[in-house]
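What follows is one structure encoded as structure tokens, with my remarks underneath.
The values are calculated or read from the model by the stated rules, or taken from the named source; none is laboratory data. Just so it is clear, the model here is predicted, and its values are computed rather than measured. As a convention, Cβ positions derive from the backbone with ideal geometry for all residues, glycine included, and neighbour counts pool all protein chains shown.
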Amino acid sequence: MLIAAPDESTAIIATAAVRERNPAVPILARARSGVAIGLFLSLDANEIVPPEYEGGPELMNQTLTAIGFDAEEALHLTYAIRDIHYQAAERGQHPSSLASPSPTA
């Protein structure tokens, strides 16, 4: 079951309803925030896809390749960034909170 409602409240309610009616059905849900990721996990969604966590790293991958990075190295970096985003979300953090502070001059 793909759940990609425009707002998270509807998607969360739909996920809960599907899970209640059929605990075995696979659920793929689109989440727009770290809070929603946690809620989908608590509802046993099988896969959770936050568009910003997928789109941003892919843009980075395409940019690195376009400026001459080795394609495999660019893909490796892309996967590393994606993993960091998902790990942060599972801890309830937004990936931007992981950025190192800017050095002061």
Go through Arg21, Arg91, Arg30, Arg82 for me and flag whichever is in contact with a strand residue (DSSP E or B) (Cβ under 7 Å, 6 or more places away or on another chain) and of a type in the set (Lys, Arg). Arg30
Pull out all pairs, ordered by first then second residue, where Cβ-Cβ is under 6 Å, the residues are six or more apart or on different chains, the first lies in the stretch 8-30 and is closer than 18 Å to Val49 by Cβ, and the second is of a type in the set (Val, Ile, Thr) and part of a strand (DSSP E or B). Ala11/Ile3; Ala14/Ile3; Thr15/Ile3; Ala29/Ile3; Ala29/Ile48; Arg30/Val49
Going by what's in this entry, would Ala74 be described as modelled with pLDDT under 80, outside the structural domain of Ala24 (by TED's automatic domain parsing) and surrounded by 12 or more Cβ atoms within 10 Å (Cβ to Cβ)? no
Going through (1) within 21 Å of Arg91 (Cα to Cα); (2) touching a Leu at 6+ places or on another chain (Cβ under 9 Å); (3) assigned to a helix (DSSP H, G or I) one by one, Glu52 fails only at (2)
Members of the stretch 53-81 that are touching a His at 6+ places or on another chain (Cβ under 8 Å) and charged (D, E, K, R): none
Determine the pairs where a residue that is of a type outside the set (Val, Ile, Thr), located within the stretch 45-60, has a partner that is in a loop (DSSP other than H, G, I, E, B) with Cβ atoms under 6 Å apart, the partner being 6 or more residues away or on another chain. Ala45/Ile27; Asn46/Pro26; Asn46/Ile27; Pro50/Ala31
Ala80 - would you say it is in a loop (DSSP other than H, G, I, E, B) and closer than 30 Å to Thr15 by Cα? no
